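What follows is a single structure, written as structure tokens, with notes after it.
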Amino acid sequence: MLEKIGTGILTKAVSGFLKDIWERVKNRHQNSKNASHDYNTPYKKRHGQLQVFCVGMEAQRSVDDVYVVVQFLTKRKATKHNSTEDVGKVFLQKGRGYFTSTSDERQDGMRAATNEQYLMVLGVPGVGKSTFLRKIGLEALKGEDGNLEHQCIPVFLELRRFTKDPIDIEAWIINEFKICGHPYPEQWANSKLKSGELLILFDGLDEVPKPNVNNVINKIRDFVHQYSQNRFIASCRIGAYKGEFTDFTVVEITDFDDSQIEMYINNWFASVTNRKMKTAQRCWQALNDPERQAIKALAQNPLSLALLCQVYEDSQDFPSTQAILYEKILNIFLKKWTAEKHVSRDLPVGPYLAISTVKELLSEIAARNFKEDRLVFSEDELIDQIQEFYQRRTDISSGFDASEILDAILVDPGLFVERANGVYTFFHLTFQEYLTANHIVGDTPSIQHPVNQHLYYWRWEKVLLLTDSIQDMVNQHLYHPLWREVFLFTAGLMREADLLLLAMEVEAVEYIHSHELEGLLRWA
């Protein structure tokens, strides 16, 4: 009897003990779920939005609203060329196609993020590297409902914030959990790091301040090795990455194709009002106008496409001339840059980077190289040209460093791209063409047409009033196919384009040797 009573008491005690353990496990699981939920909402608010800048406007858009499926090149285009001559030869062979990713060897970005534990995402400015990392983080938050086939907790780290020593990545992760309202940030971070449940997103290796780059690289490498069971994705601009992370699979984001461009436009104009007005369809049709092929080439880059959508949304059409459109886009580029970087206050080279000065500098560099048929240039050449520009125009201080100006122009606005180590081109050929025309036009005199006088009789007088730079362009490059877009941009920028047409007529007459052709030209 006593034995049965003892066994019953023991069974009851064990049962109560197990029940207590089970309750604790359930409570801990529930607390864990609650903690995850508490983290998810602030994370989405903090890292699920994109900043949209336009002239006189600043707004945010959800990453999920505008994201378009990213495609990766499986072979890096940038590694194929090692010198200015190499890149120049390829450009001469491919023409405008050099600026477009034409490889058929592509893979889906989300699939690559699922397959690779360590992934390095490269791309040119504005191609969507940060957007991709943000999207991956949002998909990870969705758990089983997301498109990422791994259950992990995302942590988004902006590497440009790694400015001071000591650099403690674990402390940054804890701080992210804390900022996002997690009730137990330190315990949670330590636990998840050790169990390999985190997805660490290192955004913008190229944005780390130069003096700190090597230190940051070493810290990241050590951290990845220490917590190797976690998943890691990093991003960097193509020219800035030197292969420092040997354990990472390197991929390059490709430009948008037509289907991606159309999808992006549909996402951008997805509001009820825009759907009623069929804004997306009209924008897509306008972009496919044969007269706007140079504009459509810009749409292959997500950042440029966003700017095009902003311009279209503002007036429900694109400007009548490409020159006006490029002027708007360039202004947005530079104003976005100065707004983000607080140029006048933060940068030591700030006094030299006023928007008007930068536009003049870019125009001079573009024209100087274009006139010499140079579409690719070395870092040393650019530094020399920057130095010469400021020496002629401003009183530069003894501490002036042209390489810092170059870094600021290259890294921040994204108007230049490093195609190979120390080898640069403009972001897109059409930008160099536009800026060349901008430099050539200068201050063309505006002249009223004589009243009741036929064009044929006063055309020669007006041609003589052209600026020397425009006259030189006509005399030297009228028959050069590479200058076609520059002529069109020049006409769009001039206050009286008939001046250019008349100068072209005068030059063309030199090649006419029959009365029939001369009469036809006069009639035209």
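The values are calculated or read from the model by the stated rules, or taken from the named source; none is laboratory data. Just so it is clear, the structure is predicted and the values come from calculations on it, not from any experiment. Counting neighbours? That spans all protein chains shown, and the Cβs are built from the backbone with ideal geometry, glycine included. Note: areas computed on protein heavy atoms with side chains; ligands, DNA, RNA excluded. Shrake-Rupley method; radii C 1.70, N 1.55, O 1.52, S 1.80 Å.
Overview of results
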| quantity | calculated |
| --- | --- |
| Check on A240, touching a helix residue (DSSP H, G or I) at 6+ places or on another chain (Cβ under 8 Å), at pLDDT 95 or above and aliphatic (A, V, I, L, M) | no |
| Options D443, D407: the member that is open to solvent by 10 Å² or more (accessible area, probe 1.4 Å), out of contact with any Leu (no Cβ under 9 Å at 6 or more places or on another chain), at pLDDT below 85 and within 30 Å of Y241 (Cβ to Cβ) | D407 |
| Residue in region 282-303 that is basic (K, R), under 17 Å from Q51 (Cα atoms) and out of contact with any Leu (no Cβ under 9 Å at 6 or more places or on another chain) present | no |
| Matching residues, region 194-207, being at pLDDT below 95 and open to solvent by less than 10 Å² (accessible area, probe 1.4 Å) | G204 |
| Among residues of region 269-301, those that are in contact with an Asp or Glu (Cβ under 9 Å, 6 or more places away or on another chain), open to solvent by 20 Å² or more (accessible area, probe 1.4 Å) and among the hydroxyl-bearing types (S, T, Y), counted | 0 |
| Of residues in region 308-326 being under 23 Å from E496 (Cα atoms) and without any contact (Cβ under 8 Å) to a residue 24 or more places away in the chain, the one surrounded by the fewest Cβ atoms within 10 Å (Cβ to Cβ) | S320 |
| Residue list for region 265-280, filter: within 24 Å of Q71 (Cβ to Cβ) and either over 24 Å from the mean Cα position of the chain (by Cα) or touching a residue at least 24 places away in the same chain (Cβ under 8 Å) (or both) | I265, N267, W268, F269, A270 |
| Members of region 252-275 that are of a type in the set (V, I, T) and out of contact with any helix residue (DSSP H, G or I) (no Cβ under 6 Å at 6 or more places or on another chain) | I253, T254, I261, V272, T273 |
| Scope region 249-268; condition part of a loop (DSSP other than H, G, I, E, B) and surrounded by 20 or more Cβ atoms within 10 Å (Cβ to Cβ); matching residues | T254, D255, F256 |
| Pair list, Cβ under 7 Å, 6 or more apart: region 373-385 residue of a type in the set (D, E, K, R), other residue part of a loop (DSSP other than H, G, I, E, B) | E379/G422 |
| Residue among N452, N438 that alone is at pLDDT 85 or above and open to solvent by 40 Å² or more (accessible area, probe 1.4 Å) | N438 |
| Filter result (surrounded by 16 or more Cβ atoms within 10 Å (Cβ to Cβ) and either in a loop (DSSP other than H, G, I, E, B) or of a type outside the set (S, T, Y) (or both)) within region 479-497 | W483, E485, V486, F487, L488, F489, A491, G492, L493, M494, E496 |
| Qualifying residue in region 233-240 (condition: without any contact (Cβ under 8 Å) to a residue 12 or more places away in the chain, under 16 Å from F162 (Cα atoms) and out of contact with any His (no Cβ under 9 Å at 6 or more places or on another chain)) | no |
| 1 or more residues modelled with pLDDT of 80 or more: qualifying helices (runs of 4 or more DSSP H) within region 24-140 | 63-66, 109-115 |
